[in-house]
Amino acid sequence: MVVKQGRQWRSMCKGLVLGTLLTSCMILLYCLSAPQVHFNLPEVPVPYSCAHRPAQAHASPFRNGSQYATGQTGLCTPKVDVMFMKTHKTASSTLLNILFRFGEKHRLKFAFPDSRNDFFYPSSFQRSQVKDYRPGMCFNIICNHMRFNAPEVAKVLPTDTSYITVLRDPAELFESSFHYFGRLVPMTWKIPGKDKVGEFLRDPRHYFDPDGFNSFYLKNLLFFDFGQDNTLELGDPRVEEGIRSIAGCFQLVMLVEHFEESLILLMDALCWEMDDLLFFKLNARKGSTVSKLTPELRAKALEWNAVDWRLYQHFNATFWRKVEAYGHQRMADDVAELRRRNAEMAAVCIEGGHAVDADNIQETVMQPWQPIGEKSIMGYNLKKNVDKAHLKLCRKMLTPELQYLTELGVNLWITKLWGHVRDMINW
């Protein structure tokens, strides 16, 4: 009996060691899959606009920046050249679905990464990372995860591009990032107990190593995504310089906590139609997997992510100034209308009218990407017998990000390879 138990323990230990080594190798392959060779590409100016044909103008209330009084109507042309800075854990997959559908509707050209679903994040963005890039090419939309690098992005997109992004309350973002990416950050492996988020926040400097692998996921992740130094202290003048730089690039910074209002401002800024904004919430987590931060832990999370909190406060102020300019009653009316249309689409498209656990998703193609070691991300079942008039739109609105990217022609072999390893670990 003792010999048999000893063999079982040795077998388990071997499995754990092999699993750890395999996981480590795959993480390194994913992050270092393409050496960042910065080619000396010729400087060819991108055209002022890459709209391949004039978009059809439509009647719309004159906009915030207009010289006309609020309430007048006139024609405006939808803007089709868009840079969406896809930040992490900020409902950005839902926004990506909106952009994918808009791009298909107007037959626009996307600047996509090659072999994976991001631009070799966390490396700084380089235009050589764009699939099939050639200097002087015309792209309308770039929207996959990247570490922002404004000069390089400007060499890919036309001059008239609208830059937009989205932020989230840093305390909530930290909790979500810790849950989703924690197992990919080796420094978290030594945190004792089940409540690793709480344990970390009680003494973050004890566990945090700024030079540790993937450490950026656990401190000022928003600031890092924008290409800034996430380890700066709040009083460092480079923090305010970085915020000013971000503010100078982006015409619209949306907020997850006011998602519908953000979409109305997006419609306003880009002269889109409300039908372009229809959405179902993608990549939502099961409520049981969300760590409810106590007031004490929330305060500690904001203190630990103080630079992100300063960034959020700055753009929270600019957001409400835009709402004020738009008009509070007009905003309330438009949000109510957007919610009404979304509810109509949910009744038409979604079996049961709500998201379900991953194990209850019937079609493999509707399975969202799951974090390693968990099945916490929910998805949807397409309603049976959807009428032909809505079937195509329903399916596109429900399609997870990676599957939609594949439909748009992106080769995701590295992402898929990592996915197979993750599935074995999750199994």
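Net charge within 10 Å of residue 376 by Cβ-Cβ distance, Lys/Arg positive one each and Asp/Glu negative one each, not counting residue 376 itself?
+1
Rolling a 1.4 angstrom probe over the protein chains, ignoring ligands and nucleic acids, what is the accessible area of residue 169 in square angstrom, nearest 10?
20
Please compute the alpha carbon radius of gyration of region 197-334, then divide it by the globular-protein estimate 2.2 N^0.38 Å. Two decimals is fine.
Scaled against compact globular proteins, the figure is 1.23.
Express in Å², to the nearest 10, the accessible area of residue 372 obtained by rolling a 1.4 Å probe over the protein heavy atoms while all chains stay in place.
The accessible area comes out at roughly 20 Å².
Arrange the residues 106, 390 by how much accessible surface each exposes, largest first, with a 1.4 angstrom probe.
390, 106
So which aspartates and glutamates pass the test for residue 392, namely a Cα distance under 18 Å, with those fewer than 8 places away in the same chain ruled out?
Hits, sequence-local ones excluded: 104, 275, 276, 344, 351, 363, 401, 407.
Heavy atoms only, 1.4 Å probe, whole protein assembly: order 145, 328 by accessible area, highest first.
328, 145
Note down the accessible area of residue 233, probe 1.4 Å, to the nearest 10 Å².
It works out to around 100 Å².
Order of 318-325, 213-220, 287-294 by packing, highest average Cβ count within 10 Å first?
213-220, 318-325, 287-294
Over all pairs of distinct alpha carbons, what does the Kirkwood formula give as the hydrodynamic radius of region 120-278, in Å?
Averaging 1/r across every pair of different Cα atoms and inverting gives 17.9 Å.
A 18 angstrom limit on the alpha carbon distance is what I want to check against. Which of 196/292; 286/396; 89/292 exceed it?
286/396, as the Cα separations exceed 18 Å there.
Mind ranking 43, 337, 257 by accessible surface for me, highest first, 1.4 Å probe?
43, 257, 337
The values are calculated or read from the model by the stated rules, or taken from the named source; none is laboratory data. If you're wondering where the values come from, they're calculated on a predicted model, not measured in any experiment. Note: ideal-geometry Cβ built from the backbone for every residue, glycine included; neighbour counts use all protein chains shown. Surface areas here come from the heavy atoms of the whole protein model, side chains and all, with no ligands, DNA or RNA. Shrake-Rupley method; radii C 1.70, N 1.55, O 1.52, S 1.80 Å.
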